[in-house]
1. In nm, give the distance between the simple-model label positions of residue 2 and residue 50, each being 7 Å from the Cα along the Cα-to-Cβ direction.
2. For residue 16, what accessible area in Å² do you get when you roll a 1.4 Å probe over the heavy atoms of the protein chains, rounding to the nearest 10?
3. May I ask you to derive the FRET efficiency for residue 68 and residue 41 from their Cβ-Cβ distance with R0 = 25 Å, giving the value to the nearest 0.05?
Amino acid sequence: MNKNLFYFLLVIGLLVLGILIGCGGERENVAKEEESPKIEEIRPLRNVIKIKAEGVVLHYQKESFWNDKQLS
C-alpha cells in the first residue's frame with residue numbers, strides 16, 4: 001500500500017511541476033507576441049456557398065469575393 005501511495009504522490013508532483021513549467025513558458029510567449037508587429041487578419045468581403053444534390057452525390061462550390069486592396 002505504501003508503494004501505491006508513493007507512485008500516486010510522484011505522479012501528482014510531476015503533474016504540478018509540468019503545469020508550473022508550462023505556465024512560465026506561456027508568459028514568455030505573451031511577451032514575445034507584444035513585441036512583434038501584429039498582422040491584420042484578411043477576410044473576404046463575402047462568401048457564396050452553393051450545394052447541389054444529384055441523387056446521393058453532393059456538389060459543393062464556394063466563391064470568395066475580395067476588394068482590390070486585399071488582393072495587393
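The values are calculated or read from the model by the stated rules, or taken from the named source; none is laboratory data. Small disclaimer: the values here were computed from a predicted structure and weren't measured. Backbone-built Cβ (ideal geometry, glycine too); neighbour counts: all protein chains shown. Just the protein is used for accessible areas: all its heavy atoms, side chains included, with ligands, DNA and RNA removed. Shrake-Rupley method; radii C 1.70, N 1.55, O 1.52, S 1.80 Å.
1. The modelled label-to-label distance comes out at 7.8 nm.
2. Probe radius 1.4 Å; accessible area of residue 16 about 80 Å².
3. 0.85
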